[in-house]
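Worksheet for the structure shown next.
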Amino acid sequence: MSEKSPIVMHLSRDGHHHSGDFGDSPSLLDYINTATPFTLPAPCGGKGRCGKCRVVVVEGEFSPVTDGERRHLSPQDLARGLRLACLVRPTAGPARVELEGERAGVGNKASLIEEKFAILPPFRKTLLTLPQPGLQDQASDQSRILRQLGEDAPGMPLAVLRKLAGALRKNGFSATLCHSRDRVIAVEAGDTRDSLYGVAVDIGTTTVAAYLMNMTRGENLDVLSALNAQGAFGGDVISRIHYAMTRPEGLRLLGVKILDQIDSMITALARRNGIDPERIYGVSLAANTTMLHLALGLPPENIAAAPFISVTTEAQRVPSRELGLSIAPGALVQVLPSISGYVGADIVAAVLAGGMDQAESPCLLIDIGTNGEIVLGDRSGMVACSTAAGPAFEGAHVRNGVGGVAGAVNGVFPGKGRPAFTTIADAPPLGLCGSGIVDLLALLLRAGIVDETGRMLSRDEAASAGIPDDYLRGMTEAEGEPAFVLVPEEESAVGAPIMMTQKDVREIQLAKAAIAAGIDTLIGHAGITPGEIGTLRLAGGFGSYIRRESAAAIGLIPGELLHRVEVMGNAAGRGAIMALLSENMWKRCDEIRRAVRYIELSSSPEFQDAYIDRMFFPKENTKTDNKL
């Protein structure tokens with residue numbers, strides 16, 4: 001009996017190609033994400049529910065179209081060769097598949113808030129002029145440095161020792177020492193005191209942002225952001241924990257994906273600013289607790305089940321070589337501390353960035369991302385919680401949802417005739433990102449197309465209710481339920497209409513109810529009223545772009561705080577920068593961790609009651625007169 005011939009796969013995207021043996025991968029998605037340099041997002045974790053992992057089959061024989069694919073792909077899509085990578089595999093080769101092009105312009109992490117603070121970096125540079133060796137002075141290279149620095153000289157790791165001889169002899173034993181109080185980071189030939197760089201990284205579940213900093217001047221030289229490469233294994237932390245737990249190499253692969261991405265971003269920042277990567281001496285990492293576990297290779301499974309225990313919430317300083325980063329050989333990665341399994345270092349960084357731990361009156365901080373983290377308090381104490389809001393506000397689990405990329409609809413407004421919209425970078429519309437989702441739902445509530453219970457009217461019901469013709473034209477059906485088309489097929493960049501469905505409304509309803517109920521619960525624990533809250537700070541990419549009026553209209557934020565909203569930009573990134581540039585700020589991060597009391601909502605009866613109440617949309621924002 002002859003052995004089955006291997007199936008050769010040919011993949012292409014944006015002019016880049018990869019060929020290889022498909023092997024025994026269970027699906028095309030699995031093959032792409034584990035055996036090739038490409039990454040294909042799959043918010044549902046490859047379970048066939050989200051319909052996002054679309055590819056175009058060009059050549060070869062593939063498994064039959066499944067019912068799951070038919071739910072997400074129209075007959076026209078299938079006729080063009082579109083398939084869902086998680087539900088298809090080649091059956092005979094050679095096979096050729098095209099992947100969707102990279103969507104440039106991820107910008108929802110780029111903005112920073114400004115706050116003045118004293119620059120006191122953990123690293124400094126010292127110029128050394130050493131006596132050259134000879135037969136009368138045969139001291140080792142390291143001993144020469146120790147003699148000049150004295151008894152308090154910092155330790156020198158092996159990675160630095162390996163480059164020491166060359167660095168000292170390149171410029172006649174004149175060299176620059178980059179060091180912290182207890183550790184040598186690098187020894188460099190000549191006088192390099194003006195070159196002191198670091199990178200602050202915010203690892204969001206959806207988006208990663210890296211900030212290149214001049215650590216002497218505290219200057220932000222450049223920023224780079226991209227969709228998190230781990231999105232290939234699920235759009236939320238639970239999906240990624242499940243992947244890490246159920247695959248033999250799952251944890252390692254998730255770690256490799258994110259660390260390779262961070263290393264590539266740092267290298268790109270250095271290259272485009274004319275900086276040698278070995279002049280980058282420190283990296284700070286802020287992220288939610290699960291993202292940090294995956295980056296550090298720590299098993300995350302105990303975070304996923306009660307009592308939700310992480311391996312560590314403490315701050316860490318890790319040699320960069322242990323994480324495979326291509327920067328200075330002795331560089332350190334500073335991992336900010338977390339508060340709990342579901343309130344992570346990104347929230348500690350946001351509290352630091354806003355000075356909430358030193359505020360005189362109560363502040364409310366909300367970071368609405370894949371999860372909704374909330375902190376309430378001031379210098380006298382803080383309480384925090386995390387809501388299982390799901391990734392609806394970041395585009396996952398929404399029919400036409402996308403991340404904050406060029407072409408994402410980021411604003412929806414009443415227009416002349418049908419609703420008007422804007423897109424990121426004014427690019428042709430690809431789908432709805434979080435701010436566009438909230439705007440569109442708020443508009444449908446005001447129009448009376450969606451009622452306070454979240455029910456969307458059918459076209460016939462809308463006509464009977466007197467909905468204007470301009471809006472009636474947008475009403476249709478999707479999967480047997482009402483839907484509203486914002487962008488017709490002929491105007492869409494994806495060749496299909498961009499719409500909001502009844503199912504989408506329910507997804508958003510669940511997410512906003514969880515966040516609103518979390519706010520109610522913290523206010524109750526703090527023993528205050530909403531009127532006593534001085535400032536409502538919105539953090540994160542979604543919080544930076546959402547229109548506060550729309551957020552209040554759907555009940556996402558308290559209406560009474562509408563005019564106390566302060567948009568923080570990427571507060572986690574700003575806090576990571578502050579911790580990178582100042583030892584005092586680094587220490588404050590740990591003080592914040594200790595000062596915040598975590599409230600577990602899953603065991604809170606107050607939260608359960610509030611959640612039911614907050615499922616309804618605010619009645620004052622659901623119109624029945626259909627006047628927009």
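At a glance:
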| item | result |
| --- | --- |
| Point-to-point label distance, Ser140-Thr36, nm (Cα→Cβ direction, 7 Å offset) | 5.0 |
| Neighbour cut-off at most 13 other Cβ (10 Å), DSSP loop, GluC sites (Glu not before Pro), the stretch 263-324 | Glu314 |
| Between 0 and 90°, nearest 10: helix 158-170 axis offset from the chain longest Cα axis | 60 |
| Inverse mean reciprocal Cα-Cα distance (Kirkwood Rh) of the chain, Å | 26.2 |
| Quotient of C-alpha Rg and 2.2 N^0.38 Å, computed over the stretch 8-99 | 0.98 |
| Ser19 versus Glu481: modelled label distance in nm, points set 7 Å from Cα along the beta carbon direction | 4.6 |
| FRET efficiency estimate (nearest 0.05) - Cβ-Cβ, Ser603 to Ser458, R0 35 angstrom | 0.30 |
| Cα long-axis angle, helix 502-526 against the chain (0 to 90 degrees, to the nearest 10) | 60 |
| Folded to 0 to 90 degrees: helix 434-447 orientation relative to the chain principal axis, Cα | 20 |
| Spacing of the two label points (7 Å from each Cα toward its C-beta) at Arg473 and Arg193, in nm | 7.0 |
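Every number here is computed from the coordinates shown, using simple stated rules; none is lab data. Everything numeric here is computed off the predicted structure, so don't read it as measured data. Using ideal geometry, Cβ is built from the backbone for each residue, glycine included, and neighbour counts are taken over all protein chains shown.
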